[in-house]
Ligand SMILES: Nc1nc2c(ncn2[C@@H]2O[C@H](COP(=O)(O)OP(=O)(O)O)[C@@H](O)[C@H]2O)c(=O)[nH]1
Ligand SMILES: [Mg+2]
Ligand SMILES: [Zn+2]
């Protein structure tokens, strides 16, 4: 596309590798050069209520003019994205990253405790947007025998749900090698609560990635917030990894109550055997889902998350 204004260069195409909300770091797709860009004019995305119009992983066109510096002029259509409801802004959503091949959800049994409902909300969103997830159960070096039962229950629950679980320690080089193999040649979003070891793991997988890790206070088990922006790092073996700020809550968006079940693969599998075709799996007689929970074929925590999502998200719906 030819530039009409002689002060403006030809449009370039780049991938967004960092976003602060007002500045975007671009990596030019042709030259690999970096540029710090702003958004030109009133760049809006059709049909989204997202608080962030340009996100890490976006492919964008940009121009550099002599006065204003580089500016993003267009966002290419997204292949997919991971999204959540903005905290305290129930009608708005926040896109975490776009154009991703898979997500790693880093969780911990302890130090800090990752709560099951958070995990399940993340998984539901990933199902809805068709993003494959591997659960990385980190800090296994800290789980003494006292955690044995909890550890086994975790593997069983998410195994039954069909999610691969990698039990690792980011401090164990062999484990890190397994994660590295999983990432090769793909764009991977790394998500999870603050303090679970996302940055530590990324740095172990890709030592060229310059990111900061926070110390965890043993007394409180709370990690300090050290990652404030999503950032994408190229991998030496090919592919990209996206480090995200620790997420506390995970609000779901745009999922109707009668659709929630289909995003719980372990529940949905039994739904055809319910007596009523429109069974909500909450109170109905001869509900195959409730029976499967009672038999232990569905993790109880998964069923509780399902009920909570049905109940609590109803107030956000139209
Ligand atoms: N014992 C142990 N500590 C870890 C492990 N992974 C990370 N940590 C520590 O947990 C704290 C938080 O890690 P960080 O990578 O900043 O977490 P993030 O907030 O998810 O990015 C740091 O003190 C890390 O050294 C692990 O596998 N085992
Ligand atoms: Mg971090
Ligand atoms: Zn049912």
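The values are calculated or read from the model by the stated rules, or taken from the named source; none is laboratory data. Keep in mind it's a predicted model, so treat the numbers as computed, not measured. Reconstructed Cβ throughout: ideal geometry from the backbone, glycine too, with neighbour counts over all protein chains shown.
For the reader, a short list of remarks on this structure follows.
- Being within 15 Å of ligand 1 (Cβ to nearest atom) and surrounded by fewer than 24 Cβ atoms within 10 Å (Cβ to Cβ) holds for only one residue in 105, 155, 109, and it is 109.
- Selection status of residue 217, within 23 Å of residue 126 (Cβ to Cβ), modelled with pLDDT under 95 and within 14 Å of ligand 1 (Cβ to nearest atom): no
- The lone criterion from (1) more than 8 Å from ligand 1 (Cβ to nearest atom); (2) touching a strand residue (DSSP E or B) at 6+ places or on another chain (Cβ under 6 Å) left unmet by residue 195 is number (1).
- Residues within segment 164-190 that are touching a helix residue (DSSP H, G or I) at 6+ places or on another chain (Cβ under 7 Å) and more than 9 Å from ligand 1 (Cβ to nearest atom), tallied: 7
- Positions within segment 274-289 being buried (at least 20 other Cβ atoms within 10 Å of the Cβ) and under 29 Å from the mean Cα position of the chain (by Cα), in sequence order: 281, 289
- Enumeration of residues in segment 259-292 that are within 10 Å of ligand 3 (Cβ to nearest atom), assigned to a helix (DSSP H, G or I) and within 29 Å of residue 150 (Cα to Cα): 261, 267, 271, 288, 289, 290, 291, 292
- Hey, residue 84 away from ligand 3 (no atom under 16 Å from the Cβ), surrounded by fewer than 16 Cβ atoms within 10 Å (Cβ to Cβ) and under 20 Å from residue 232 (Cα atoms) or not: no
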